[in-house]
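Everything on this sheet refers to the single structure shown next.
Derivation of every value follows stated rules applied to the coordinates shown; laboratory data play no part. Predicted model only: the values in this text are computed from it and were never measured. Cβ sites come from the backbone with ideal geometry, for glycine too, and all protein chains shown count toward neighbours.
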Amino acid sequence: MDILVAYDGSEGSRRTLREAAPLARAAGGTVILVRILDPRVDAADVTADTTAAAMAVVEKRALAEMHDAAVGLDVQSRAVVVTQERGEDTSEALIRAAQAEGADIIAIATRRATGLSGVLLGSVTQGVLKNASIPVLVIRVG
């Protein structure tokens, strides 16, 4: 069983990784850490001649961070960076990555929220739950 973990470096994504690793290990599967990048936002702090060059720097950083996060989990893992396509939101990019990587489950964090903020927060998680064709493991944080 291969579990795709939506990873953005937050405590929620690190907790999701810690929860998914034993499940993948028990099933003889792999944890696939996926970072979704938006060139308009994620490359903003990088000085480079082109957007592609800036994104290469950001991708290298993200891969290194995910590799470091997987150290010591005692489960087979790999890290993948996916750049959002024009007009695509993060949930769509995660689902596309899950399909491309052959994931059996998508694991994603969500914050506990109530009232209006409960409607607004977690829109990525809601999009994945609504549109994924595979099971989704939601880890509640906060």
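Helical content alone sets the calculated 222 nm signal of the chain at -14500 deg cm²/dmol, taking -39,500 (n - 2.57) per DSSP H segment of four or more residues and averaging over every residue. Each other residue within a Cβ distance under 11 Å of residue 42 adds +1 if Lys or Arg and -1 if Asp or Glu, for a net charge of -1.
Once the Cβ-Cβ distance of residue 126 and residue 83 is raised to the sixth power relative to R0 = 25 Å, the FRET efficiency obtained is 0.65. Among [x] 38; [y] 53; [z] 41, which is the computed percent of Cα pairs over 22 Å apart? It is the value labelled [x]. Taking other C-beta atoms within 10 angstrom as a stand-in for reagent exposure, 63, 33 fall in the order 63, 33, fewest first.
Label sites at residue 74 and residue 53, each approximated as a point 7 angstrom past Cα along Cα to Cβ, lie 4.6 nm apart. The phi torsions of the range 20-36, fed into the Karplus equation with coefficients 6.51, -1.76 and 1.60 and a -60° offset, translate into couplings of 6, 4, x, 5, 5, 4, 4, 8, x, x, 10, 9, 10, 7, 10, 10, 9 Hz, rounded to whole numbers, with Gly and Pro shown as x.
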